Amino acid sequence: MKISTKPVIAIIGHKNSGKTLLIEKLVKELVKKGYKVASVKHIGRKGHGFDMPRKDTTKHLEAGANPVIAITEDQIITIKKTHIENPLETLWENIPEKINIVFLEGFSTWTLSNENIPKIICIRNKEDLKEYQEKAKNTLLFGSLKRIENEKILHIIEDFREILEKTISYIKNQEKLIEVYNLLPRLNCGKCRFKTCFNLAKAILDNKASKEECVVLTQKKGIKILIDGKEIPVTSFVEKIVKTTILSMLSTLKGVNIEDEQKAKLKIEVETSN
């Protein structure tokens, strides 16, 4: 699964557990504090549209238009028919760069056991608590609209300030984590003991590892690839293929004499701007 380059929190729970209310309160307070917030709602019923049946936009869709765009003086809504196996795989590319935090409502199928996505779980009773304690990974906190005899559960209304503080603390920590992650190759080559670049970034942030443990960053480079001035890290396997292929082609050119391809160094620069 793709890793979000933004702090993200999934708000999950059964119907009438307070998910939407909690997101409303969090969004309102975070916006007041200057955060740029995005929210994404998962609609579980296939074919469930975004407006009432027989409205004009629905008629356009049924006629075959794809996408349909509705515009008012202060809103733009784009409706596009598609088929997505995992909504999270295509979600991140639609989040604007300026966003500080993304809230997901629902998405439990894809987030419940995902250790990289923290969760605020809204529960209705002790049965819900037991269910999610057994299934969920990386739970930020449990919240409820009722007082339940368990100190781990915060009341969504009465304890909201504590929920807000924990959320802000997570955002700040996640921003630091993403800064470290962006310094790594993000190739997930599996050659270090952490197996993924995201896990290595978390270990570095916790002072349990250093950037020098990244095999790709520390390996001797026989090729350097830059796109718009930014170096693109490559594994040794990719380096060997690219270097051998290009040097073989260059060696056929008149006036080019490459005596030792192993010692030759190659630098490729690509400018995509006009």
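The values are calculated or read from the model by the stated rules, or taken from the named source; none is laboratory data. Nothing here was measured: the structure is a model prediction, and the numbers come from that model. Cβ: placed from backbone, ideal geometry, glycine included. Neighbour counts: every protein chain shown.
Structure notes:
- Filtering Glu151, Glu158, Glu165 for residues that are part of a helix (DSSP H, G or I) and of a type in the set (Asp, Glu) leaves a single hit, Glu165.
- Which listed residue is under 30 Å from Gly143 (Cα atoms), charged (D, E, K, R) and not assigned by TED's automatic domain parsing to the domain that holds Leu26, from Asp228, Asp206: Asp206
- Looking only at segment 189-216, residues that are more than 21 Å from Ile232 (Cα to Cα) and polar (S, T, N, Q) come to 1 in all.
- Some residue of segment 32-47 being outside the structural domain of Ile148 (by TED's automatic domain parsing), part of a loop (DSSP other than H, G, I, E, B), surrounded by 12 or more Cβ atoms within 10 Å (Cβ to Cβ) and at pLDDT 80 or above: no
- Taking each residue of segment 130-150 that is within 18 Å of Phe160 (Cβ to Cβ) and looking for partners that are part of a loop (DSSP other than H, G, I, E, B) and of a type in the set (Val, Ile, Thr) with beta-carbon atoms closer than 6 Å, six or more apart or interchain, yields Gly143/Ile156; Leu145/Ile156.
- With respect to the conditions (1) touching a residue at least 12 places away in the same chain (Cβ under 8 Å); (2) surrounded by 14 or more Cβ atoms within 10 Å (Cβ to Cβ), Val238 falls short on a single one, namely (1).
- In segment 89-107, the condition of being buried (at least 17 other Cβ atoms within 10 Å of the Cβ), at pLDDT below 90 and part of a helix (DSSP H, G or I) is met by at least one residue.
- Some residue of segment 255-266 being out of contact with any strand residue (DSSP E or B) (no Cβ under 8 Å at 6 or more places or on another chain) and at pLDDT 75 or above: no
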